[in-house]
Amino acid sequence: MAKVKAKSGLSTINKILFIVFIALLVATILIVTLSAAKVPQKEEAQAEFVDEVKIDEFKAGNYGGVEFGSVDDVVKYYVECFNYNKTLTADYTENGEAKKYYKLLGDETLEVQNLLVEGKANATIDKLVPSILGGLFKGAPKGLPPAANRDPQYDERDDGPNGTKLSQLESHLTADDVLACNVKDNGDGTISITIQPKAQLLSMADQDPQGRFFNVLGDISSTVESISVLSFSEGTIAENFVVNYAGGSGTVKIDTKTKEILEADYEMDVHIDVKHANVAVLKDKTASLDIVYKNHFPASDEFLQSSRGITRK
């Protein structure tokens with residue numbers, strides 16, 4: 001069986017998903033506009049964005065026998081453990097064929113929330129979103145994020161600077177990327193580290209705080225351009241299609257003796273604002289939505305089997 005490389009994986013899936021999100025926005029604009037009373041809308045000034053801390057702040061101290069005196073200490077320890085875990089593999093079978101994947105595989109889920117047009121929700125679209133996404137988004141097992149594959153041989157992305165490939169085998173996260181972090185002693189020889197990266201507009205893989213921590217969507221301008229029924233009454237795509245990554249975080253549970261990550265949960269939060277959108281004969285509309293993308297480690301045996309026919313040995 002041929003192995004699927006990253007260029008046909010994560011980045012391609014993200015482009016497909018963004019086409020789905022645009023289609024949802026287009027459908028919502030059509031439904032809301034055609035069903036709403038024709039009352040002139042006054043554009044409201046948007047509040048200035050604040051990158052808000054959503055987790056507990058760091059407190060220096062000894063946790064599980066490890067001394068953490070600064071945020072820099074926490075990030076360095078996280079990176080060290082992350083890199084070590086990306087060297088660990090295990091034997092699996094996939095549809096009866098022997099495979100060697102990351103020892104720690106996780107699942108993935110995706111939700112679209114708060115889909116608004118002209119600041120209003122639409123019950124019809126709200127009911128359709130889960131069924132549409134359920135049919136188009138099928139989560140697959142992956143390594144710790146950023147990760148493009150479950151097989152270390154192909155854990156790379158093809159959307160680096162100038163089209164270069166990006167290896168996902170090591171973390172390049174730095175203390176400057178972190179808005180907040182904390183450490184918890186679990187009292188059983190493990191500690192839990194939680195990190196919230198700084199917000200980023202239109203995050204790019206491995207090039208900014210969000211891109212060095214999550215499986216970000218990357219540059220979606222060409223995808224937006226490919227939607228033939230969508231245009232903008234004024235301004236550029238970058239000005240009218242604002243993708244803001246903010247508020248998400250990740251928590252990893254680490255065995256301090258081995259530095260192995262035993263459990264992890266990541267939640268990437270993305271808010272999209274669209275303005276001055278033209279959809280067919282409808283002009284100058286605004287819309288917004290939230291994307292919540294989650295990874296949980298380890299993935300259950302049921303998820304591995306149902307998603308890709310994978311069984312742990």
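The values are calculated or read from the model by the stated rules, or taken from the named source; none is laboratory data. Quick caveat: nothing in here was measured; it's all calculated off a predicted structure. Neighbour counts are summed over all protein chains in view; Cβ atoms, including those assigned to glycine, are modelled from backbone coordinates with ideal geometry. Ligands, DNA and RNA are excluded from the accessible area calculation, which covers all protein heavy atoms including side chains. Shrake-Rupley method; radii C 1.70, N 1.55, O 1.52, S 1.80 Å.
Could you compute the net charge surrounding residue 52? Neighbours are other residues with a C-beta less than 14 Å from the C-beta of residue 52; K and R count +1, D and E count -1. With Lys, Arg at +1 and Asp, Glu at -1, the net is -3. Pairs from the list 76/99; 99/184; 259/294; 120/283 with a Cα-Cα gap above 27 Å: 76/99; 99/184. Put a dot 7 Å past the Cα of residue 259, heading toward its Cβ, do the same for residue 229, and the two dots end up 5.3 nm apart. Residue 129 sits among other residues whose Cβ lies under 13 Å from its own Cβ, and their net charge, with Lys and Arg +1 and Asp and Glu -1, is -2. Compute the separation of the alpha-carbon centres of region 260-303 and region 95-118 and state it in Å as a whole number. Taking the Cα centre of region 95-118 as reference, the centre of region 260-303 is 12 Å away. Measuring how big region 57-97 is from its alpha-carbon positions, Rg and Dmax come out at 16.4, 49 Å. Note on residue 172: accessible area is roughly 90 Å² with a 1.4 Å probe, heavy atoms of protein only. Note on region 153-290: Cα-Cα pairs beyond 19 Å make up 61% of the total pair count.
With N counted as the residues of region 94-232, its alpha-carbon radius of gyration over 2.2 N^0.38 Å works out to 1.30.
Going by the alpha-carbon gyration tensor, a ≥ b ≥ c the square roots of its eigenvalues, is region 152-211 rounded (a/c under 1.5) or, if a/c is not under 1.5, prolate (a/b greater than b/c) versus oblate?
Details: a/c = 3.99, a/b = 1.65, b/c = 2.42.
Cα axes put region 152-211 in the oblate bin.
Pairwise alpha-carbon distances in region 56-147 exceed 18 Å for 68% of all pairs.
Computed over protein heavy atoms with a 1.4 Å probe, the carbon and sulfur contribution to the accessible area of region 206-287 reaches 47%. Lys and Arg at +1, Asp and Glu at -1: add these up for the other residues within a Cβ distance under 14 Å of residue 84 and post the number. Summing Lys/Arg as +1 and Asp/Glu as -1 gives +1.
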